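Quick notes on the structure that follows.
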Amino acid sequence: MPHDLDAEQAALGAMLLQPPGLDPIADVSALVDVGDYYRPAHATIHTAIVGMHERGEPVDPITVTNYLRRSGDLNRVGGPGYLHSLVQKVPTAANGAHYAEIVAEKAVERRIIETTTRTASRVRTAGEAGVDIAADAERELAALRTTERWPPPVPLGTHAALPAFPIDTLPPWVGEHVAALAEFTQTPPDMAATMALAALSTAAGGRVHIQIRPGWVEQSNLYLVCAMPPASRKSDVFALMTAPIYEMEKQLQDASRAARVEAQTAKDAAEAEAEALMAKARKPDQASEHLVAEASAARMLAEDIVVPPKPRLTAAGDITPEPLTHQLALHRCLAVLSPEGDLFDIIAGRYSARPNLGVFLKGHKGERLETDRITREQPSIDKPALTIGITPQPSVLQDLGDAHGARDRGLLARFLYALPASNLGYRKTRTAPVPDAVAHTYASRLDALLRTLTDLPEPVTLTMDALADQAVEELQAQLEVQLRPGQPLEHLQDWGGKLVGTTARVACLLHLADHLTSGWGQPLTASTVHRAAEITGYYTEHALAVFDLIGSDPATEDARTILDWLSRTKTDGTHRRTIKRRDAVAASRRFRTVSQVDPALQLLEAHGYLKGEEASRDGKRGRPETTTYRVHPSLHTPADAVDAR
């Protein structure tokens, strides 16, 4: 059978080399599937490399050797020496796609032989109609007419591998702790990094503002959520990332205890004296204007004695809106931190079909918060700052799509979402704990940041230098394009519209953590803005997946309708191999105009079911260009036919 072992070895060797600036794994896997290799051992190596790459693990001869040793396949593929010999077979890694084309072409030749042999055998048996045999052979051979390989489409409701959190954008003392904790707990770094930002937001939120330019000021508090399945060690990561916050809260409460007791005692005594005078004034034989005046003065004195509230930095994760409003009125700056999703359950309507979302909306923006519903004696609060950092299960997010007003009023648009892939089943059984020096540095720096910012008498507003302002302007221009029809954030305009302000908030937190001991009051720089933009870019990719998961994107159901239509045969028994926008309108009566199908077509293209070709004019003067979409072969190829190409 046709094959080229040299090309197979060179393609795998290029994938193992991974030279800077190139991505041979993507180049080769786009053209070659595991079934294209002539030698089974090469298919095993290919599968290992692609799997490691998708999980974000480093790929080289040593790491792949270790992976194959653990899976029990190392000796079957030729041992570690064979993997190293594959690298030696590569003239240049830049030609990985060329080697892959040779491998794919030889696979096509083998499949042609297999198809014709199978067809000839069926003809000789004379047990089937010749027309049916010819039709099957034609379909199989048609699938081999192009050397382009269609990767398997990503099912609707799921997404291809999402990016890992860019740890190098964090300040070193934060990033080192995140990386060490992720390795120790064998969890994705996304979870620790998200809680690190929540910790920084707890310290700075409401106490430090960032002025992007005159007239545009953002608070520094964030709403963060990292969804992970059960048994993902969320509680361990949460506890180790937030421990300094709870320790500081306890110290603040202990330090204020004497003052609170003294003030309460003085208030109780003043109220007792006022009550005693009032008792005398109520007696008919002692009633006098003098006693009434004394009782009034005593009551006013008692009311003037203010008992400071018990200091709090955090609130319970299952707090309901009314108590949360009361606590924000007392403390103004507060964080709801939890390793569970109880808060989302409350927002989704566990206790009320129409939960009060006002505190969550205003606590993010810093809008005036009215507390009359709690008690008339509690004043309203200006510039409340609420931080949210939770790690619920993905199923909890799905309930948010049905929460009354959560999307319409903009609550979902205020969150930064992380949806890292679970590594359950691939975790190491023994890992080194977080180094003492790394853990101590993180705890002491976060403690210092908390002490510094909680002691501020008034909120401080930071500014940006000219280059940082320019960086924000460039980010605005890029984002504005992404919000247009046909662009990635078209269906998340509510979320994307807040992204520049959110990036500025993240930049403010990075700046504070960077310059804690070197003058954090100086203006923010462009490099800090760029780092923050990389972080929010990461959250953007995950937000697209989350909004798809919670079903808040109306294009998803439309896309499923079109997908079902594409899977059905036409009246002549053939399948649709290309479509135009106007063709998709025929998929269902739910579509009335071509503009209504655009979101669904874009979603299907993003998931790999369609490929848009060059737009061409339909020949009529003044008509806009239309796009032709090619349909993924898996939608019109029998399950037992040749791999789609």
Spin-label pair Val306/Asp236, simplified geometry with 7 Å Cα→Cβ offset, distance in nm: 4.6
Under DSSP loop assignment and at most 15 Cβ neighbours within 10 Å, longest chymotrypsin sites (Phe, Trp or Tyr not before Pro)-free interval of the chain: 1-350
The stretch 431-580: relative contact order as a whole-number percent, Cα under 8 Å and 6+ apart: 23
Relative contact order for the chain, counting Cα pairs under 8 Å that sit 6 or more residues apart, in percent: 16
Rough spin-label spacing in nm, given labels placed 7 Å along Cα→Cβ, for Arg368 and Ala161: 5.3
Overall form of the stretch 64-121 per C-alpha gyration tensor (a/c, 1.5; a/b vs b/c): oblate
Given charges at Cβ of Lys, Arg, Asp, Glu: the chain dipole, positive-most of Trp216, Thr92, Ala129: Ala129
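So what is the calculated 222 nm ellipticity per residue for the chain, using -39500 (n - 2.57) for each DSSP H run with n of 4 or more, over all residues, to the nearest 500 deg cm²/dmol?
-17000 deg cm²/dmol
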Sites Asp73 and Ala272, calculated FRET efficiency, Cβ-Cβ separation with R0 60 Å, nearest 0.05: 0.15
Exceeding the 31 Å Cα-Cα cut-off - candidates Lys250/Lys428; Lys267/Lys383; Lys283/Lys310; Lys267/Lys365; Lys310/Lys383: Lys250/Lys428; Lys283/Lys310; Lys267/Lys365
Size of electric dipole in the chain: Cβ of Lys, Arg +1 and of Asp, Glu -1, about Cα centre, debye, nearest 20: 1260
Rounded to 5, percent antiparallel among DSSP beta bridges of the chain: 35
Cα-projected label distance for Val131 with Gln478, points at 7 Å along beta-carbon direction, nm: 5.9
Acute angle (nearest 10 degrees) that the helix 499-514 long axis makes with the longest principal axis of the chain, alpha-carbon atoms: 70
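No lab work stands behind these numbers, since they all come straight from the coordinates. Remember, predicted model here, so these are calculated numbers, not experimental data. Backbone-built Cβ (ideal geometry, glycine too); neighbour counts: all protein chains shown.
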